[in-house]
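Below is one structure, written out as structure tokens, with a few remarks after it.
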Amino acid sequence: MSLVVGTIGVYGFDVESFLQRLRGADVRLVLDVRQRRGVRGHEYAWANSVRLQRTLADARIAYEHHPELAPTTDLRELQYAEDERRGVGKRSRRELAAEYVRRYTTEILDHADLASIVSALPSDGMATLLCVELEPAACHRSLIAARLTEQHGVMIEHLRPL
């Protein structure tokens, strides 16, 4: 049986629909891959680190922060500049800039110990990579997911709002 890892963003969810989506996918572990674990906007206050961890604990879903997989401030600024050039906002972005992908891969992903993460995945249920963007292709979590598939044969399930 193949391991399955999910990916999920915050945008498009409220706390209730987020938890419902996690439960529906039998998520037992959330792997937070954000550098800054806050989300702007009152509608997403539930996803700020302390609140999110409390909510997940109450739902009996484990939480781990993996800052080593988060893009640096410099990389985020590079993506924001490309978003501005293209005239898109972070919440409406559909894809990552090619230079961001290249640099994230060489500066972060190529140095990450994904084998230790894979070995610690839950034996029941699944884990999911958490960031903020709605579309996986607009977020670095898609790059992590692709690497998990390439190097560890992990199947990926993108969890989106229903």
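Given (1) touching a His at 6+ places or on another chain (Cβ under 9 Å); (2) assigned to a loop (DSSP other than H, G, I, E, B); (3) of a type in the set (Asp, Glu), where does residue 124 come up short, assuming only one miss? The single condition residue 124 does not satisfy is (1). Residue under question is residue 9, and the condition is that it be modelled with pLDDT of 95 or more and loosely packed, with under 15 Cβ neighbours inside 10 Å; does it hold? Spelling it out, it is not the case that residue 9 is modelled with pLDDT of 95 or more and loosely packed, with under 15 Cβ neighbours inside 10 Å.
What are the residues in region 127-145 that are under 17 Å from residue 66 (Cα atoms) and either assigned to a helix (DSSP H, G or I) or over 14 Å from the mean Cα position of the chain (by Cα) (or both), if any? Hits for region 127-145 are 141, 142, 143, 144, 145. Has region 113-133 got any residue that is free of Cβ contacts under 8 Å to residues at least 60 places away in the same chain, at negative phi and surrounded by 14 or more Cβ atoms within 10 Å (Cβ to Cβ)? Yes. Can you tell me how many residues within region 148-158 are buried (at least 17 other Cβ atoms within 10 Å of the Cβ) and either out of contact with any helix residue (DSSP H, G or I) (no Cβ under 9 Å at 6 or more places or on another chain) or assigned to a helix (DSSP H, G or I) (or both)? Looking only at that region, the number is 1. Please determine, by comparing only the residues of region 1-30 that are within 22 Å of residue 43 (Cβ to Cβ) and among the hydroxyl-bearing types (Ser, Thr, Tyr), which one is farthest from the chain's Cα centre (by Cα). The selected residue is 17.
What is the one condition in (1) in contact with a strand residue (DSSP E or B) (Cβ under 9 Å, 6 or more places away or on another chain); (2) among the hydrophobic types (A, V, I, L, M, F, W, C); (3) in a loop (DSSP other than H, G, I, E, B); (4) without any contact (Cβ under 8 Å) to a residue 24 or more places away in the chain that residue 88 does not satisfy? Answer for residue 88: the failing condition is (1).
The values are calculated or read from the model by the stated rules, or taken from the named source; none is laboratory data. Values in this document were obtained by computation on a predicted structure and should not be read as measured data. Positions of Cβ are backbone-derived with ideal geometry, glycine not excepted, and every protein chain shown enters the neighbour counts.
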